[in-house]
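Please treat every number below as a calculation from the coordinates, not as lab data. Values in this document were obtained by computation on a predicted structure and should not be read as measured data. Note that we place each Cβ from the backbone using ideal geometry, even for glycine, and neighbour counts take in every protein chain shown.
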Amino acid sequence: MLREAGYAARAGQIIDASFVTVSRQPMRRKERECVNQGEVPTAWQDQPAQRRRKDMSARWVKKNGQSHFGYRNHIKNLLN
């Protein structure tokens with residue numbers, strides 16, 4: 001169906017990238033620096049509720065000029 005429409009899928013090429021959005025919780029500059037280094041900020045260590053609210057592995061990305069915060073969900077073509 002894709003070939004008939006004039007599209008050619010190649011091996012390993014990303015066909016579609018969608019995003020799984022998560023809630024945005026603002027962080028202070030020092031907290032963000034710690035998270036970017038893979039560490040847990042000291043202010044969060046004694047507050048388990050604070051650690052649950054903050055998603056430390058989600059990132060900002062842009063698609064079609066719109067900013068999204070969350071995770072990328074890719075569909076790839078595995079055909080040769």
Given points 7 Å out from each Cα along the Cα-Cβ axis, report the Arg32 to Arg3 separation in nanometres with one decimal. 4.9 nm
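Normalised by the number of residues in segment 14-76, what is the relative contact order in percent for Cα pairs under 8 Å and 6+ residues apart? It would help to have the intermediate numbers written out before the result.
Numbers: 61 pairs, mean separation 35.4, N = 63.
This gives 56 percent for segment 14-76.
Hey, with R₀ at 25 Å, roughly what FRET efficiency would Asn73 and Arg51 work out to, going by the Cβ-Cβ distance, to 0.05?
Working: r = 24 Å, r/R0 = 0.98.
Efficiency at R0 = 25 Å is approximately 0.55.
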